[in-house]
Amino acid sequence: MIDEGMSIKLIAKNSVMCDGVATGGYCSGSGITVATKRSDWFETFIHEYCHVLQDLDETYEPTEDESWGYYDAWLLGKKKLSAEAVTQCTNAIRANEMDCERRVVQLIHKYNLPINEGRYIQKANSYGLFYTVAAKYRSWYKGTSPGQIDELVDMMPREFKKYWHRVPKKFEQIVKERCFKLA
Ligand SMILES: [Zn+2]
């Protein structure tokens, strides 16, 4: 990564800002930034590293209107998108994240990383479903991410769900209450 001229920033905070949205970590053209005051920061680091691998993988080229930056601008009300464009972007982001999560699991195996694979996949599934709920309510989590809520993570299977677009009612309710802080 360093050879590619990219940086790794580890920030001793609970979250870092990406496109105006608080997150556990992010990957940009210049490198990876991760918030390390979280018990799962190492997983986040590997996840973001896998986004770098996607960037370096010429077979994997999502377009601008399939990117997080595009989506976040809409989420924050800075960009208007048609319902179809939101659906298309959300689908692309879920596919992008699914590809990234599968790469994480490959790395866990390849390097025998100290990450509990089953629990990691449960969390990945909870983020995947969360993206669907976030698009529905045009909201992002406030403080507590879905991966930090055991009740949500416990609900998830320990293998990747085939789709992340069908969300159980209970899951949606907990996201509304604890991530979006809606009644
Ligand atoms: Zn990601």
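FYI, it's all coordinate maths here, none of it is from the lab. These figures come from a predicted structure and were not determined experimentally. Glycine gets a Cβ as well: all are built from the backbone with ideal geometry, and neighbour counts include every protein chain shown.
Name the single residue, out of those in segment 9-25 being within 16 Å of the ligand (Cβ to nearest atom) and part of a strand (DSSP E or B), that is surrounded by the fewest Cβ atoms within 10 Å (Cβ to Cβ). Give the steps one after another, and end with the answer.
First, the residues of segment 9-25 that are within 16 Å of the ligand (Cβ to nearest atom): 15-19, 21-25.
Still in the running and part of a strand (DSSP E or B): 16-18, 21-23, 25.
On the way: 16: 19, 17: 13, 18: 17, 21: 18, 22: 16, 23: 20, 25: 26.
Among those residues, the one meeting the criterion is 17.
No other residue among 108, 121 is surrounded by 19 or more Cβ atoms within 10 Å (Cβ to Cβ) and either on the phi > 0 side of the Ramachandran plot or hydrophobic (A, V, I, L, M, F, W, C) (or both) apart from 121. Confirm whether residue 56 is away from the ligand (no atom under 15 Å from the Cβ), touching a Ser or Thr at 6+ places or on another chain (Cβ under 6 Å), closer than 22 Å to residue 124 by Cβ and among the hydrophobic types (A, V, I, L, M, F, W, C). For residue 56, the condition - away from the ligand (no atom under 15 Å from the Cβ), touching a Ser or Thr at 6+ places or on another chain (Cβ under 6 Å), closer than 22 Å to residue 124 by Cβ and among the hydrophobic types (A, V, I, L, M, F, W, C) - is not met.
Go through segment 49-64 and report how many residues are out of contact with any Leu (no Cβ under 9 Å at 6 or more places or on another chain) and either of a type in the set (Val, Ile, Thr) or more than 16 Å from residue 131 (Cβ to Cβ) (or both). Show your work before the answer.
Our first condition is that a residue be out of contact with any Leu (no Cβ under 9 Å at 6 or more places or on another chain); within segment 49-64, this holds for 51-52, 54-59, 61-64.
From what is left, the residues that are either of a type in the set (Val, Ile, Thr) or more than 16 Å from residue 131 (Cβ to Cβ) (or both) are 52, 54-59, 61, 63-64.
Total satisfying the criteria: 10.
Considering segment 69-183, the qualifying helices (runs of 4 or more DSSP H), each wholly inside and each with 1 or more residues that are free of Cβ contacts under 8 Å to residues at least 12 places away in the same chain and within 16 Å of the ligand (Cβ to nearest atom), run over 83-111.
Select from segment 26-53 the residues that are closer than 25 Å to residue 88 by Cβ and crowded, with 17+ Cβ neighbours inside 10 Å and list them in ascending order.
Quick first cut of segment 26-53, residues closer than 25 Å to residue 88 by Cβ only: 26-29, 47-48, 50-53.
Result: 26, 27, 28, 47, 48, 50, 51, 52, 53.
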